[in-house]
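Some notes on the structure that comes next.
Just so it is clear, none of the values below were taken in a lab; they were calculated from the coordinates. Keep in mind that what you see is a predicted model, and the values were worked out from it rather than measured. Every residue, glycine as well, gets a Cβ built from its backbone with ideal geometry; the counts of neighbours run over all protein chains shown.
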Amino acid sequence: MRCPFCGHDDSQVKDSRPTEDGAAIRRRRQCEGCAARFTTFERIQLRDLVVLKSEERREAFDREKLLRSVSIATRKRPIDAVRIEKLVSGIQRRLETLGDGEVTSKRIGEMVMEGLKGLDSVAYIRFASVYRDFSEARDFEQFAGSVEEIGRQ
């Protein structure tokens with residue numbers, strides 16, 4: 001593993017343990033060049049996924065991009081980082097087990113919306129505003145009203 005500090009090619013694993021959700025292994029490493037310590041995560045990848053974008057473009061699935069999107073929606077909300085990680089890992093696992101190597105960006109967005117709905121209503125509305133391309137305040141009002149109705153049921 002290449003050191004993120006000095007670029008040296010070799011590092012030594014000092015500690016390994018599973019993450020809280022068991023979806024990855026967390027490894028503490030020490031660079032053999034500069035002795036700096038850093039953490040890596042090792043995850044199971046069942047298959048390579050390709051995302052079909054709305055413009056008929058294809059791109060490789062990027063877990064970090066998904067994590068970034070969810071993190072932006074949940075920013076400054078009282079949501080533990082572990083719960084966000086579990087949500088993203090769960091979506092990735094579901095995508096990998098769908099049986100097809102291609103998935104639409106719309107399907108990924110729906111899975112994120114579904115996950116955020118149960119996590120935090122504000123994050124859900126934030127994500128929906130971008131995903132559904134709200135253009136006016138009225139769009140927010142209508143969507144927020146539907147979220148309130150769901151919460152009362």
If we scan segment 18-29, do we find a residue that is over 28 Å from L87 (Cβ atoms) and of a type in the set (D, E)? no
Among the residues of segment 20-53, what is the count of those that are of a type in the set (K, R) and under 30 Å from T104 (Cβ atoms)? 3
In segment 25-81, what residues are among the β-branched types (V, I, T) and in contact (Cβ under 8 Å) with a residue 40 or more places away in the chain? V50, V51, V70, I72, T74, I79
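Look through E96, E85, E110 and report the one residue that is surrounded by 12 or more Cβ atoms within 10 Å (Cβ to Cβ), acidic (D, E) and under 22 Å from A144 (Cβ atoms).
Numbers: E96 fails: under 22 Å from A144 (Cβ atoms); E85 fails: under 22 Å from A144 (Cβ atoms).
Result: E110 is the single residue among E96, E85, E110 that is surrounded by 12 or more Cβ atoms within 10 Å (Cβ to Cβ), acidic (D, E) and under 22 Å from A144 (Cβ atoms).
Of all residues in segment 1-37, which are touching a helix residue (DSSP H, G or I) at 6+ places or on another chain (Cβ under 9 Å), of a type outside the set (S, T, N, Q) and outside any strand (DSSP E or B)?
Selection gives E20, D21, A23.
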